[in-house]
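Single-structure report; data block below.
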Amino acid sequence: MSEARPIVMGVLNVTPDSFSDGGAYSEHDAAIARGIELVRLGADLVDVGGESTRPGATPVSSVDEQARVLPVIGALAERGIQVSVDTLHAETAAAAVAAGARWINDVSGGLHDLEMLGVAADASRRSAVSFIIGHWRGIPDPAHVRSDYADVVSEVVAALAERAEAAVAAGVDAARIVLDPGLGFDKTGAQGWQLLAGIDELRALGFPVLVGASRKRMLGEALAELPASPRRPSGGGAPAHERDLATAVVSALAADAGAWGVRVHDVAGTRQALAVQAAWSAARRGPASPARANDPQRVNDAQRASDLPADRITLTGLEVFAHHGVFDFERAQGQRFLIDAEVAVDLAGAAADDALARTVHYGELADAIADAVGRDPVDLIETVAERIADVALGFDGVRSATITVHKPDAPIGRTFSDVSVTVVRDAASRAKP
Ligand code: PMM
């Protein structure tokens, strides 16, 4: 049983046939409008993909994929919308992050493109990007289904544990990893249900779990015996778009089973199902417990750990010349310090009103940090980081600050590329005595 509402990831497929409307809008405009609509309906983040991973789909080059998704990602991110990029290609992932995506969703978990883990690592370090690792056995191919598992739950759990380990070894921040059992990817319907029933074993790995059952064949199979009805006029297994009610039911059950998130096409239906699940779950916990399931602050588990809202402003590589250090020559000569600052702040109001006054002015933040680093020398970069955190938390609306101070020219008698410290501070704990 889970207390917090799972995040809802709205699916936005930007493929040539997804948005053909006779030419009233360009495909990009229509996709952007649909992404905004998904958020209005209750999506916490929008998953933008430009290549179908359905069995038998024609592969798309990463160049074509980028032409489809980057303008959409850029436009949505500019409006303060949390965006993930659904891609198998490292180049697309990197370009999407540069365009404003804050999540990389790779259904192959880095197996399809060996550069992916490096891109995810870089993005998680520099831009606080999260990495969704799907379970996968290869390009989906109707002629070659690799669903021969002796025990699908333990094998998928072991494979995802291995991928997560590889990601961490490559430098991905473990707090930003999400695991996905990859329903429908080389799994039969029955194996999909076993994986959902075994979600606890996957959660036991310690990472948030995302469920992507939306409109999938396993739902059609579960409905196959039912007669046609107004909502399922086709009856039987029903075409994909007639499986939204079944998807919403899975969302509620996944929430009850402790899923961190659900990836769905019909956001409104899933939000209704989650509201019902939340009411039931709150009553089960009793009146004394806080109804966290209704918490309007849409956060993910990784972020919940440090109680950060999902929105953030990130400033990286701010260079300041200063005289900190334990050695006299450091104090006398000075050296470069590079600062990364991530401040958690609710950006919804600023985005809605397009109002600078309702957000943190990043130019002013940069100036304030530079002033704080430049003044009175201290021995430790820990002290410098703490000082910057104080400054950042002084900006209106900043709920927490993650500050990294790099000292790339530190006096270390070995070849090295960087040394840094990171402090994570939140406004609530600062307020306490
Ligand atoms: N399924 C699809 C595409 N992307 N991403 C994640 N994380 N999990 C999934 O299960 C998943 C995905 C294929 O479904 P679609 O064609 O309906 O988008």
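The values are calculated or read from the model by the stated rules, or taken from the named source; none is laboratory data. What you see is a predicted model; the values in this text were computed from it and never measured. Cβ atoms come from the backbone with ideal geometry, glycine included; neighbour counts cover every protein chain shown. What goes into the accessible areas is simple: the full protein's heavy atoms, side chains included, and nothing from ligands, DNA or RNA. Shrake-Rupley method; radii C 1.70, N 1.55, O 1.52, S 1.80 Å.
So for the range 358-365 (the condition being closer than 23 Å to Ala410 by Cα, open to solvent by less than 30 Å² (accessible area, probe 1.4 Å) and not small (Gly, Ala, Ser)), does at least one residue qualify?
no
Could you say which residue among Val249, Val262 is part of a helix (DSSP H, G or I), modelled with pLDDT of 95 or more and among the aliphatic types (A, V, I, L, M)?
Val249
Matching residues to (1) in a loop (DSSP other than H, G, I, E, B); (2) away from the ligand (no atom under 16 Å from the Cβ); (3) modelled with pLDDT of 95 or more; (4) on the phi > 0 side of the Ramachandran plot:
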| position | (1), (2), (3), (4) |
| --- | --- |
| Ser154 | no, yes, yes, no |
| Arg163 | no, no, yes, no |
| Ala169 | no, yes, yes, no |
| Gly192 | no, no, yes, no |
| Leu219 | no, no, yes, no |
| Glu225 | yes, yes, no, no |
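Considering only residues of the range 240-271 that are free of Cβ contacts under 8 Å to residues at least 40 places away in the same chain and within 22 Å of the chain's Cα centre (by Cα), which is farthest from the ligand (Cβ to nearest atom)?
It comes out as Ala252.
Given the condition part of a strand (DSSP E or B) and touching a residue at least 12 places away in the same chain (Cβ under 8 Å), answer yes or no: does some residue in the range 137-150 qualify?
Looking for residues that are part of a strand (DSSP E or B) and touching a residue at least 12 places away in the same chain (Cβ under 8 Å), one finds none in the range 137-150, hence no.
Taking the stated definitions as given, is Leu88 outside any helix (DSSP H, G or I) and surrounded by fewer than 24 Cβ atoms within 10 Å (Cβ to Cβ)?
no
Being open to solvent by less than 30 Å² (accessible area, probe 1.4 Å), farther than 30 Å from Ala143 by Cβ and small (Gly, Ala, Ser) is the filter here; which residues of the range 167-201 pass it?
Of everything in the range 167-201, those that are open to solvent by less than 30 Å² (accessible area, probe 1.4 Å), farther than 30 Å from Ala143 by Cβ and small (Gly, Ala, Ser) turn out to be Ala167, Gly171.
Output the residue which, of all residues in the range 322-354 that are assigned to a helix (DSSP H, G or I) and among the acidic types (Asp, Glu), is farthest from the chain's Cα centre (by Cα).
Looking at residues that are assigned to a helix (DSSP H, G or I) and among the acidic types (Asp, Glu), I get Asp328.
For every residue, the table says whether it meets (1) crowded, with 19+ Cβ neighbours inside 10 Å; (2) under 22 Å from Thr53 (Cα atoms).
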| position | (1), (2) |
| --- | --- |
| Ser108 | yes, yes |
| Glu115 | no, yes |
| Ala121 | yes, no |
| Arg126 | no, no |
| Phe131 | yes, yes |
| Gly134 | yes, yes |
| Asp151 | no, no |
| Val156 | yes, yes |
| Arg163 | yes, yes |
